[in-house]
Amino acid sequence: MKFKKTILNFTIFLFIFSILFSSCEKKMTPGEAKEIAKEAYVYGFPMVVNYKTMYNYTLNEKSPEYKAAFNEKSCEARVFTPEDKAIVTPNSDTPYCMFWLDIRSEPIVLSVPEMEDDRYYSFQLIDLYTHNFAYLGTLSTGNKAGKYIVAKEGWKGEKPNGITDILYSETDLFFVVVRTQLIDANDLPNVKAIQEKYQIQELSSFLGEEPVKAAKIDNSLAWNDGDEFTVASLNYMNFMLNLTKPVASEVELRNKFAKLGLGTEKGFDINSFDEETQKAIEEGMQAGLKKMTDFATEVTTTDPMASTKIFGTRDFLTKSAKGNYNLDNFYVLRAIAAQHGLYGNSAQEAIYPTYLMEAAGVPYDAAKFNYTLTFKKDELPPVNAFWSFSIYDGITQLFIHNELDRYLLNSNMLEDFVYNEDGSLTFYMQKDAPEDALKANWLPAPNGPFYCTMRLYGPKEEAVNGEWINPPLLKLVK
């Protein structure tokens, strides 16, 4: 009897101890919550703004930006204007096709037609983390026709007849940006004809088999503009984490995020924490944003080749962070890339010399000054495809409404520009028009802060390695 009582008491002790131990294990100090929130915000920022695109383009059929359901093509034979607001720092050189693909149920087949030798095009494949995991196009696979399977990592299927190659995605959902070069304003019908030949098929359809039942995506988490800069961003991060599986090197990190509920079945709920911890999480998120902002300011004011180092595959970014910026991980690199140039191309496809600020904390401001940029004779951007120069509102990060409906100057306009007597070429970035003779070289600026981006598609080696340096933006007194 005593033995049974002892066993019972010991069992009760173990039960009580397990509860106490479990409570201690789950207890998280506000300081710890702040550090986790800071790290999580930087890690997850690209996923958050990626969700913005997915929600507006695919999940929310009522969105003015809505394009198509998953695995359906969406192309427009036009260029971006100030009315396009889902993607910051867009280009206006290449009419886009943009669509989200879901390969959870089965792989997808992308088909491209044969292209003219002198026309640039590309399919940029971007996973949920915003890594550029693969390319199809002029500079990667050539201008011949082809059919490509995109499958999730671990897919064991064999390559069917008629398939050119198989590509693999780290995440089961991914975004595709298709750029087709517009030669001039009269070229739109040709671009439209090309876009109509791009094709998306589930593998079962390509093989003539019964379709596989597609998985569904919850569309109840509405996007609110500005949430990416508040603690609400962690709700979107949680959603995206639940669509991914951590790579081996990030299991420990993801377990840390789970202490806030991020990436768990329960999810993140700021109201589930006490008031002190809530404040700590918000402070941590703001500290993460400051870390990004400070790093971006330093990079853009000290490294003119930064755009060659902040877009690419996971492996590329890992090496770039350590080799170029002495960072232990690449998450802040990935975050500022998403913040300032979401869906920017990898360096072999395009580079983006950017004019973000005059100096640290001092933006270019067309309300106070006029600006010029001058290419010396025979020192235009060296490219295998084409180049362009665009201007953006410093607040919205979008194109600027102006009387000319002009958002860029590019290499297709070389015959239209006015050249200086020494053969150099000067662009004018200012709010008001210059004299009539120079209007062809004018890029209208807002009445306030702005920044500029140069794009070199198919950059030559001297541009990638820094032998060619983009000229400075010079300030003129009005």
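The values are calculated or read from the model by the stated rules, or taken from the named source; none is laboratory data. Source: prediction; values computed, not measured. Cβ placement follows ideal geometry from the backbone for every residue including glycine, while neighbour counts extend to all protein chains displayed. Side chains included, ligands, DNA and RNA excluded: accessible areas come from the protein's heavy atoms. Shrake-Rupley method; radii C 1.70, N 1.55, O 1.52, S 1.80 Å.
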Furthest towards positive pole of dipole, ILE391, ASN224, ALA86, structure part the chain, Cβ charges: ASN224
Hey, what do the phi angles of the range 314-321 turn into as Karplus ³J(HN,Hα) couplings, whole Hz, using 6.51/-1.76/1.60 and θ = phi - 60°, x for Gly and Pro? 4, 4, 4, 5, 4, 5, 5, 4
Using the structure shown, select from LYS85/LYS192; LYS216/LYS259; LYS259/LYS291; LYS52/LYS192; LYS27/LYS256; LYS431/LYS475 the pairs with a Cα to Cα distance greater than 18 angstrom. LYS85/LYS192; LYS216/LYS259; LYS259/LYS291; LYS52/LYS192
Over the chain, what is the percentage of antiparallel beta bridges among all DSSP beta bridges, to the nearest 5? 90
Points 7 angstrom from Cα along the Cβ direction at ASN60 and PHE417: gap in nanometres? 4.0
Working out 0.36 nm times the residue gap between ASP118 and LEU476, then minus their Cα-Cα distance, what length gain in nm do you get to one decimal? 125.0 nm
Loop-only check: which trypsin sites (Lys or Arg not before Pro) in the range 123-194 are DSSP coil with at most 10 other Cβ within 10 angstrom? LYS144, LYS156
Post the alpha-carbon centroid distance, the range 295-339 to the range 174-248, in whole angstrom. 25
Over the chain, with neighbouring protein chains present, the accessible area per residue in Å² at probe 1.4 Å is 48
Going by amide H atoms built from the backbone, whose H comes under 5 Å of the H on ILE217, apart from near neighbours? none
For GLN199, residues with placed amide H under 5 Å, excluding near neighbours: SER111
Taking θ as phi - 60°, what are the ³J(HN,Hα) couplings along the range 129-144 by the Karplus curve (6.51, -1.76, 1.60), each to the nearest whole Hz, with x for Gly and Pro? 8, 6, 6, 7, 8, 6, 9, 10, x, 3, 8, 10, 10, x, 9, 7
Sequence-distant residues sharing a close amide H with ALA77 (under 5 Å, placed H): none
In whole angstrom, the spacing between the Cα centers of the range 60-126 and the range 419-478 equals 28
Quick check: with the 1.4 Å probe, what order do THR89, THR29 take by accessible area, largest first? THR29, THR89
Quick one: length gained pulling LYS213 to ASP328 fully straight, 0.36 nm per residue minus the C-alpha distance? 37.2 nm
How tilted is helix 2-26 with respect to the longest principal axis of the chain? Cα atoms for both, answer in degrees (0 to 90, nearest 10). 20
Please turn the phi angles of the range 338-350 into ³J(HN,Hα) values with the Karplus equation 6.51 cos²θ - 1.76 cosθ + 1.60 (θ = phi - 60°), one per residue in order, whole Hz, x for glycine and proline. 6, 6, 9, x, 3, 6, x, 6, 5, 4, 5, 8, 6
Under a Cβ-only charge scheme (Lys and Arg +1, Asp and Glu -1), can you give me the dipole magnitude of the range 323-388 about the Cα centre, in debye to the nearest 20? 100
Could you tell me the largest-minus-smallest coordinate of the C-alpha atoms of the range 272-350 on each of the three principal axes, in descending order and whole angstroms? 49, 25, 22
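Express the carbon and sulfur contribution to the solvent-accessible surface of the chain as a percent, rounded to the nearest whole number, probe 1.4 angstrom.
On the way: 11720 of 22870 Å².
The computed percentage sits at 51.
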Obtain the nm distance between the two label points defined at ASP436 and GLU158 by a simple spin-label model: each point lies 7 Å from its Cα along the Cα-to-C-beta direction. 7.3
Highest to lowest packing among 248-259, 76-87, scored as the average C-beta count within 10 Å: 76-87, 248-259
